[in-house]
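These notes concern the structure reproduced below.
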């Protein structure tokens, strides 16, 4: 059994014990990533175990449901080995921070809004869609909350209402830019644009991403009545 030194006092713990503990973590729990971040700072030995654990793949898939296909393929090709998902996770975190910084500048600085929105739509696109979605749920002041507010008793976030507004606006810009670009490819005769993708472009003008449209489509298709007309994605 492989063992690693935990600290200078000579205490040793087996690698298998760490893996067993990490395996009990839930990707849905907000405490999981905080715990892992704390463990990454213990020492190089523990960091090597944490960064290579399969839990990062679960965290990645739970956190990021959207992506730009070409960028995702590049990330999968760039990173290899047991710590692939660890590196991919933090690459996306860096993109999230950049997007939220741009969004904050859009909210607080009128000059330069168009150029910053262009970066969100053209460069970051669906890679930051999930971060913008989180921003749209920033806890409101108590007197603005409904009975069914998902944030419960969480303290209100600073500038929650304008942050929500601009995050929703940014998502709309990203979705509409994608739709117009995709339709331009379709008009030019690009055979890679599917019928489903072309039709999903209309939903972009209501703030829906193509991934969300596809999930709804698959969900509805699962409830297709017997002997009805079959529906196919492509």
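Details
- In region 113-151, the qualifying residues are those that are farther than 25 Å from residue 210 by Cβ and modelled with pLDDT of 95 or more, and the one that is surrounded by the fewest Cβ atoms within 10 Å (Cβ to Cβ) is 115.
- Hey, residue 107 assigned by the TED database to the domain that holds residue 168 and touching a residue at least 24 places away in the same chain (Cβ under 8 Å) or not: yes
- Residues that are surrounded by fewer than 15 Cβ atoms within 10 Å (Cβ to Cβ) and within 23 Å of the chain's Cα centre (by Cα) were ranked within region 152-161; the one that is farthest from residue 116 (Cα to Cα) is 152.
- Qualifying residue in region 125-133 (condition: farther than 18 Å from residue 93 by Cα, without any contact (Cβ under 8 Å) to a residue 60 or more places away in the chain and part of a helix (DSSP H, G or I)): no
- Residue match in region 49-58 (condition: in contact (Cβ under 8 Å) with a residue 40 or more places away in the chain and either more than 18 Å from the chain's Cα centre (by Cα) or over 18 Å from residue 27 (Cα atoms) (or both)): yes
- Selection within region 187-234 - surrounded by 12 or more Cβ atoms within 10 Å (Cβ to Cβ), modelled with pLDDT of 90 or more and assigned to a loop (DSSP other than H, G, I, E, B): 193, 205, 207, 208, 209
- Candidates 19, 71, 43: the one that is out of contact with any strand residue (DSSP E or B) (no Cβ under 9 Å at 6 or more places or on another chain), touching a residue at least 24 places away in the same chain (Cβ under 8 Å) and farther than 29 Å from residue 174 by Cβ is 19.
- Qualifying position, being part of a loop (DSSP other than H, G, I, E, B) and either out of contact with any helix residue (DSSP H, G or I) (no Cβ under 8 Å at 6 or more places or on another chain) or within 22 Å of residue 92 (Cβ to Cβ) (or both), among 155, 139: 155
- The number of residues in region 67-100 that are assigned to a helix (DSSP H, G or I) and more than 16 Å from the chain's Cα centre (by Cα) comes to 4.
The values are calculated or read from the model by the stated rules, or taken from the named source; none is laboratory data. Fair warning: this is a prediction, and the values are worked out from it, not measured in the lab. We place every Cβ from the backbone using ideal geometry, glycine too, and count neighbours over all the protein chains shown.
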